[in-house]
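**Student:** Below you will find the structure I want to go over with you.
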Amino acid sequence: MILQGTILFAWDVGIRDAMFECDSKIVVDVVLGSHSPPVNINNVIEGIQFKLKDFRSAQISQVKRQSNRLAHNLTQFAKDVWAGSITKLQKGGSDFQDVLQLVEYLVDRLSTDEMELFWVQSWLIWNQRMEKSGIGAIIRNERGEVMAGMSAIGPMVETSEEAKLLACRRSLEFAVDAGFTRVMIEGDNSNVMQAISSAVVNYSFLGNVVDDIHHLMSGLQWVKTSTIRRGGNKVAHVLAQHARNLESDLYWLEDSPPPALEALYQDALLL
């Protein structure tokens, strides 16, 4: 759903006050709670409503279909641009050899607002190019030394909260299997960290994942959670990105994961 992706994109680029426009009255009504959502998109709507609560100020309004024509045109154009790799276009029938030429072409012809819309649509399509996600985890001791690492394939996800919770569950399973009994869980999503830290029953569509995490935590001798800044888990992010191109999961014990050596080195400079 384009609205969901646009909201996630706005959050990821640091926007905290936003007005989101949608040309579907049904979508606007169900997101605002005026009508019950169809069963097949209920989870998506719950995810949108959950994410909107993170914003300092967020509004959704319906616009005429023709008012959103530019976004629809850019969506089709962006599908051609991002259908293949980031440097070689596979479709489109244009003379562009790479994305840089395309951007230079667009900058001369589109306004700032139109370019922003293009990047929104391109980001959405790029993040939906694979029917799988990546999960990365790094385990360190109290001195910051790497004890274990994981780069694993995950399922396709709809929201950032779903991705973070699934990654947390998988990482805890890995830590338990590797024999760790005292664990500090670090994450950069405050909502997710609050959910796994709370003893209150979670009734969201991700409640079963939260329950699994609580069960894993209960089996540890000692466990604590900590919310860190967004850039504070760069190593895990690199391993998650690496996993998106894997055919099978990778694990490292008492060894630094080669795909994340540069990120580990940068982290070491900050310790």
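**Student:** Mind listing the long-range amide H neighbours of residue 178? Cut-off is under 5 Å, sequence gap 5 or more, other chains count too, H placed in the peptide plane at 1.01 Å from N.
**Tutor:** Counting only residues 5 or more places away or on other chains, the set is empty.
**Student:** Could you please report the charge total around residue 169, scoring K, R as +1 and D, E as -1 over all other residues with beta-carbon less than 13 angstrom from its beta-carbon? Don't skip to the end; give the middle numbers.
**Tutor:** Details: positive: 164, 170; negative: 161, 162, 173, 177, 211, 212.
Net charge in that neighbourhood comes out at -4.
**Student:** Further question: Which FRET efficiency value, to the nearest 0.05, is calculated for residue 247 and residue 103 with the Förster distance at 41 angstrom and r the Cβ-Cβ distance?
**Tutor:** 0.80
**Student:** Give me 150, 217 ranked fewest to most by other Cβ atoms within 10 Å of their Cβ, as a rough exposure proxy.
**Tutor:** Fewest to most other Cβ atoms nearby, the residues stand as 217, 150.
**Student:** How large is the charge dipole for the stretch 1-63, taken about the Cα centre, if only the Cβ atoms of Lys, Arg (+1) and Asp, Glu (-1) carry charge, to the nearest 20 debye?
**Tutor:** Values: 5 positive and 7 negative charges, 26 e Å.
Computed charge dipole of the stretch 1-63: roughly 120 debye.
**Student:** In percent, what relative contact order does the stretch 1-63 have, based on Cα pairs under 8 Å that are 6 or more apart in sequence?
**Tutor:** 52
**Student:** Would you grab the residues whose amide H sits under 5 Å from the one on residue 140? Only those 5+ places off in sequence or on another chain, please, with H modelled 1.01 Å from N.
**Tutor:** The list, which skips near neighbours in sequence, is 147.
**Student:** Along each principal axis of its Cα atoms, how long is the stretch 172-271 end to end? Whole angstroms, biggest number first, please.
**Tutor:** 40, 28, 27
**Student:** Evaluate the distance, in nm, between pseudo-label points positioned 7 Å from the Cα of residue 55 and of residue 156 along their respective Cα→Cβ axes.
**Tutor:** Between residue 55 and residue 156, the label points sit 2.6 nm apart.
**Student:** Given the pairs 25/51; 51/234; 132/164, which are separated by over 18 angstrom at their Cα positions?
**Tutor:** In this structure, 25/51; 51/234 exceed 18 Å between Cα atoms.
**Student:** Sorted from fewest to most neighbouring beta carbons within 10 Å, what does the list 251, 203 look like?
**Tutor:** 203, 251
Read the figures in this text as sums done on the coordinates, not as results from a lab. Remember, predicted model here, so these are calculated numbers, not experimental data. Glycine also receives a Cβ, built like all others from the backbone with ideal geometry; neighbour counts cover every protein chain displayed.
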